[in-house]
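Structure first, commentary second.
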Amino acid sequence: MIANQRVLILGFVWPEPNSSAAGGRMVQLISIFKEQGFDVTFASSASDSDYMVDLESLGVDKKSIALNCSSFDVFVAALNPSIVLFDRFMMEEQFGWRVAENCPDALRLLDTEDLHCLRLARQKAFKENRKFTTDDLLVEDVAKREIASILRSDISFIISQFEMELLQSVFKIDKGLLCYLPLLLEPIDDSDIQNLPLFEERNNFVFIGNFLHEPNWNAVQYLKETIWPLIRKQFPEAVLQISGAYPSQKVLQLHQPKEGFHIMGRANDAQEVVKNARVVLAPLRFGAGIKGKLVEAMQCGTPSVTTNIGAESMHGNLPWSGFIADDSQVFADAAVELYQDKTLWLKAQENGFRIIEKRYLKALFVDDLIQHILKVQNHLKQHRLHNFMGAMLQHHTLTSTKYMSRWIEEKNKKI
């Protein structure tokens, strides 16, 4: 246990674990710090939402902060955290220089969630109907911002091994600035498995995902226009339930019950939806990170069919919990086979449990994570001396972003 240390988490939004994998990950990080004895304050400039987690029930102090306002300087100086965790690079851009000025000895951590620049570059290549290459990253403006944020931070949490390798090979980031940290889960024991619905008790295909996330909306369009007609041609009684937070009108208008295509909207309990489905479909054509919906499927004992983008960095050398296919006809054929073949389905379910056990258990990572944080914290001056690029970027941020923020603050006072 670590006493008398305070962690300040600067959140892009208030965590919504039932709405997105990002919300679930943030709750995981909070729980790790709390279990280690840290005092935790979570601050955000976002508006409250109906679906945000009750931070006080987690033993976390909640604080609303303002953008481009020196009130944050007063707040952070008084709090005097020993560790500051930025939730995504945008929060480090906005508040990193203020933290550096007011709490120079605080360890600065960045949780990237996924590499935004990778997701956006892949999305652009997809929309231009061409193959993505790593050269696309080098001309992506978001990459310049995101990589600068990683360099200014003392440690960045990277959720995907593919992204770990990409940062080192393409952007030449020192490995000492990076920490591989996937989703962190509790073990699935035999009683959990025994309580899951059986193959015969499950019905329907399901897709689940936050519709504010562009890869999810694109996947639903792909299902509706291409894959689902191929599945229904082979399996006319098939039903697909599309669930997810924040569906827009363009999502809702895809609801076609006569075609077995059901837009269900937000699920009150996403795990219950997935547990009672027989197969998860996730035909993601661009994206980054690791996919919370597919980890959740494995936890629920529900096999899945996804693409190579969907499964990227998720299973290592272990067999997938279902099928991986990029071709739409192969994807549809695999979905029908997996739905109808109990032996195949049970093997896929077992594969999912094994992936969780070997790659995502919290116990595999927490001790090393805490030791790494404490080691860097105890040698922070030396750590920063070896990160000249980060120091240079921090210097220029203080002389550019700082004064832009000051100008916005003064401008706002006159409105």
Would you check if there is a residue in region 127-147 being touching a Lys or Arg at 6+ places or on another chain (Cβ under 7 Å) and hydrophobic (A, V, I, L, M, F, W, C)?
yes
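Would you confirm whether or not region 74-84 contains a residue that is β-branched (Val, Ile, Thr), part of a helix (DSSP H, G or I) and either open to solvent by less than 20 Å² (accessible area, probe 1.4 Å) or free of Cβ contacts under 8 Å to residues at least 40 places away in the same chain (or both)?
At the first step, the residues of region 74-84 found to be β-branched (Val, Ile, Thr) are 74, 76, 83-84.
Filter once more, keeping what is part of a helix (DSSP H, G or I): 74, 76.
Restricting the remaining residues to those that are either open to solvent by less than 20 Å² (accessible area, probe 1.4 Å) or free of Cβ contacts under 8 Å to residues at least 40 places away in the same chain (or both) gives 74, 76.
Yes.
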Selection from region 290-309 of residues over 20 Å from Leu184 (Cβ atoms), touching a Gly at 6+ places or on another chain (Cβ under 6 Å) and either part of a loop (DSSP other than H, G, I, E, B) or of a type outside the set (S, T, N, Q) (or both) yields Pro303, Val305, Ile309
Qualifying positions in region 47-73 - open to solvent by 50 Å² or more (accessible area, probe 1.4 Å) and of a type in the set (A, V, I, L, M)
Leu58, Leu67
Which residue is surrounded by the fewest Cβ atoms within 10 Å (Cβ to Cβ), if the candidates are limited to region 159-190 and must be within 27 Å of Leu380 (Cβ to Cβ) and among the β-branched types (Val, Ile, Thr)?
Ile173
When both residues are 6+ apart or on different chains and their Cβ atoms are under 6 Å apart, which pairs have a first residue that lies in region 258-280 and is in contact (Cβ under 8 Å) with a residue 12 or more places away in the chain, and a second that is part of a helix (DSSP H, G or I) and open to solvent by 30 Å² or more (accessible area, probe 1.4 Å)?
Ile263/Leu252; Ala267/Val273; Val274/Glu296
What pairs can you find where one residue is in region 341-354 and in contact (Cβ under 8 Å) with a residue 60 or more places away in the chain, the other is aromatic (Phe, Trp, Tyr) and crowded, with 18+ Cβ neighbours inside 10 Å, and their Cβ atoms are less than 7 Å apart, with a gap of 6+ or different chains?
none
Only one of these is touching a Ser or Thr at 6+ places or on another chain (Cβ under 8 Å), polar (S, T, N, Q) and open to solvent by 20 Å² or more (accessible area, probe 1.4 Å): Gln329, Gln340, Gln349. Name it.
Gln349
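Starting from residues that are surrounded by fewer than 16 Cβ atoms within 10 Å (Cβ to Cβ) and either in contact (Cβ under 8 Å) with a residue 40 or more places away in the chain or within 26 Å of the chain's Cα centre (by Cα) (or both), keep the ones in region 202-230 and report whichever is farthest from His116 (Cα to Cα).
The residue in question is Asn203.
The values are calculated or read from the model by the stated rules, or taken from the named source; none is laboratory data. Owing to the predicted nature of the structure, the values given are computational and were not obtained by experimental measurement. Here the Cβ is made from the backbone with ideal geometry for all residues, glycine too, and neighbour counts use every protein chain on show. What goes into the accessible areas is simple: the full protein's heavy atoms, side chains included, and nothing from ligands, DNA or RNA. Shrake-Rupley method; radii C 1.70, N 1.55, O 1.52, S 1.80 Å.
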